2 protein chains.
Amino acid sequence: MTITVLRLGHRPQRDKRISTHLVLCARALGAKNAIYTGIEDPKYEESIFKIVQEWGGDFKLEYAPSHRSILRNWEGKIVHLTMYGLEASEAAKEVQKIDEPILIVVGGAKVPWDVYEEADWNVSVTTQPHSEVSALGIFMYLLDGEKSLNHEFPGGRIKITPNPKGKDVQVEGSKRKGGSAKTKSSE
Amino acid sequence: MTITVLRLGHRPQRDKRISTHLVLCARALGAKNAIYTGIEDPKYEESIFKIVQEWGGDFKLEYAPSHRSILRNWEGKIVHLTMYGLEASEAAKEVQKIDEPILIVVGGAKVPWDVYEEADWNVSVTTQPHSEVSALGIFMYLLDGEKSLNHEFPGGRIKITPNPKGKDVQVEGSKRKGGSAKTKSSE
């Protein structure tokens with residue numbers, strides 16, 4: 001399953017951290033790339049580029065001036081995460097069957113009506129207010145299950161090995177255990 | 001399963017939105033309450049209180065000056081979400097068996113070593129950088145499955161009925177369909 005995430009209406013001042021968390025969630029759970037609309041923000045792109053360099057893989061973040069042409073020209077299916085749509089688990093079962101590229105659209109403050117209309121699925125992860133970041137994470141997990149939590153990111157400088165008791169971090173071939181005096185070592 | 005979320009090191013200026021998203025995620029997926037440390041922030045508490053009034057349930061957010069006494073006096077088990085811990089799915093299988101209150105600790109920028117030490121499980125949702133918000137959402141889903149997405153929130157003014165094609169919102173007894181001219185109606 002090839003997933004692209006489209007973040008609508010990014011505002012550099014207000015959304016920087018949420019947009020960063022959103023796109024990192026997309027990458028960590030296996031999205032191939034992300035596109036954002038709203039205000040173009042080279043610092044945002046740069047910060048994601050640096051994380052990809054450090055942590056590996058070939059995830060890309062790109063800017064698009066408008067969502068319309070992306071939605072209309074999308075060669076595949078479109079899922080729109082909203083508070084109002086179809087139940088997430090139900091939708092995920094349908095989307096799993098698709099053998100085409102999936103675009104997951106994640107709203108900003110006000111989502112234009114054409115997004116609801118162009119989407120093949122409007123999907124709600126609970127019908128309560130929470131966060132586009134948790135909604136995206138949960139929906140990507142629903143789509144791809146355990147696989148979504150175990151992607152490989154080749155070529156990075158940093159690699160973490162899961163460790164129940166502390167930090168086990170490899171940086172460029174040299175194994176560093178325990179980040180600092182203030183963090184518990186794995187030994 | 002009774003879940004409390006502990007948010008470490010809140011900084012009002014920098015973290016307001018992330019902390020809000022985090023706590024709303026906790027509530028939407030069924031946490032009973034949340035505690036935050038760091039800088040006390042009445043505006044943050046007020047914004048969550050208002051959402052609970054509007055959307056129902058009895059979720060509470062409280063401030064604590066230090067995480068230490070909370071961890072040491074916790075009558076139950078403690079899960080710490082980090083980038084370094086045990087694999088999330090593996091941990092979730094163990095935590096599911098517990099019949100005691102669960103405290104899920106979610107870090108801020110620098111997590112003191114005693115959190116790693118006091119935690120019964122240090123848990124990593126992927127070993128890649130993403131977001132404490134998506135990590136919490138995914139872990140709560142792993143713990144409680146479909147149930148986590150279908151909690152009831154009695155007493156709220158607003159209720160949404162899932163609708164694949166638009167907005168279906170009930171506000172205080174009067175059914176409002178389609179939020180504005182710019183949003184697609186459900187009819």
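Could you check region B:149-164 and list, in sequence order, the residues that are more than 16 Å from B:C25 (Cβ to Cβ) and open to solvent by 20 Å² or more (accessible area, probe 1.4 Å)?
Going residue by residue through region B:149-164, those that are more than 16 Å from B:C25 (Cβ to Cβ) are B:152, B:154-164.
B:E152, B:P154, B:G155, B:G156, B:R157, B:I158, B:K159, B:T161, B:P162, B:N163, B:P164 - these are the residues of region B:149-164 that are more than 16 Å from B:C25 (Cβ to Cβ) and open to solvent by 20 Å² or more (accessible area, probe 1.4 Å).
Condition check: open to solvent by 20 Å² or more (accessible area, probe 1.4 Å), assigned to a helix (DSSP H, G or I), more than 8 Å from chain A (Cβ to nearest Cβ) and at pLDDT 95 or above. Does B:E146 satisfy that?
Values: open to solvent by 20 Å² or more (accessible area, probe 1.4 Å): yes; assigned to a helix (DSSP H, G or I): yes; more than 8 Å from chain A (Cβ to nearest Cβ): no; at pLDDT 95 or above: yes.
No: the conditions fail for B:E146.
Restricting region B:84-106 to residues that are assigned to a loop (DSSP other than H, G, I, E, B) and within 14 Å of chain A (Cβ to nearest Cβ), which is farthest from B:K147 (Cα to Cα)?
Of the residues in region B:84-106, the ones assigned to a loop (DSSP other than H, G, I, E, B) are B:84-85, B:96-101.
If we keep only those that are within 14 Å of chain A (Cβ to nearest Cβ) as well, we get B:84-85.
Numbers: B:Y84: 27, B:G85: 25 Å.
Within region B:84-106, the match that is farthest from B:K147 (Cα to Cα) is B:Y84.
Taking region B:71-82, which residues are surrounded by fewer than 24 Cβ atoms within 10 Å (Cβ to Cβ) and either within 19 Å of the chain's Cα centre (by Cα) or under 22 Å from A:D144 (Cα atoms) (or both)? Before the answer, list the steps.
Step one: filter region B:71-82 for residues surrounded by fewer than 24 Cβ atoms within 10 Å (Cβ to Cβ), giving B:71-78.
Within region B:71-82, B:L71, B:W74, B:G76, B:K77, B:I78 meet the criteria.
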Hey, A:H130 free of Cβ contacts under 8 Å to residues at least 24 places away in the same chain and closer than 28 Å to A:E46 by Cα or not: yes
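So which of B:W121, B:W113 is more than 15 Å from the chain's Cα centre (by Cα), open to solvent by 10 Å² or more (accessible area, probe 1.4 Å), facing another protein chain (nearest Cβ under 8 Å) and at pLDDT below 95?
Numbers: B:W121 fails: at pLDDT below 95.
After ruling out the rest, the residue left standing is B:W113.
If you take the residues in region B:12-66 that are acidic (D, E), away from chain A (no Cβ under 11 Å) and in a helix (DSSP H, G or I), which one is nearest to B:D144 (Cα to Cα)? Can you show your working first?
From region B:12-66, those acidic (D, E) are B:15, B:40-41, B:45-46, B:54, B:58, B:62; that's our starting set.
Those left that are additionally away from chain A (no Cβ under 11 Å): B:40-41, B:45-46, B:58, B:62.
After this cut, where a residue has to be in a helix (DSSP H, G or I) as well, the list is B:45-46.
Numbers: B:E45: 26, B:E46: 28 Å.
That would be B:E45.
Kindly check whether there is at least one residue in region B:21-42 that is free of Cβ contacts under 8 Å to residues at least 12 places away in the same chain and either within 27 Å of A:I158 (Cα to Cα) or under 13 Å from the mean Cα position of the chain (by Cα) (or both). If you could, list the steps in order and put the result at the bottom.
Keep residues of region B:21-42 that are free of Cβ contacts under 8 Å to residues at least 12 places away in the same chain, which gives B:42.
Right, trim to either within 27 Å of A:I158 (Cα to Cα) or under 13 Å from the mean Cα position of the chain (by Cα) (or both) and you get none.
Checking region B:21-42: not a single residue is free of Cβ contacts under 8 Å to residues at least 12 places away in the same chain and either within 27 Å of A:I158 (Cα to Cα) or under 13 Å from the mean Cα position of the chain (by Cα) (or both).
The values are calculated or read from the model by the stated rules, or taken from the named source; none is laboratory data. Quantities reported herein were computed from a predicted structural model and do not represent experimental measurements. We place every Cβ from the backbone using ideal geometry, glycine too, and count neighbours over all the protein chains shown. Areas reflect the complete protein model, heavy atoms only, side chains present, ligands, DNA and RNA absent. Shrake-Rupley method; radii C 1.70, N 1.55, O 1.52, S 1.80 Å.
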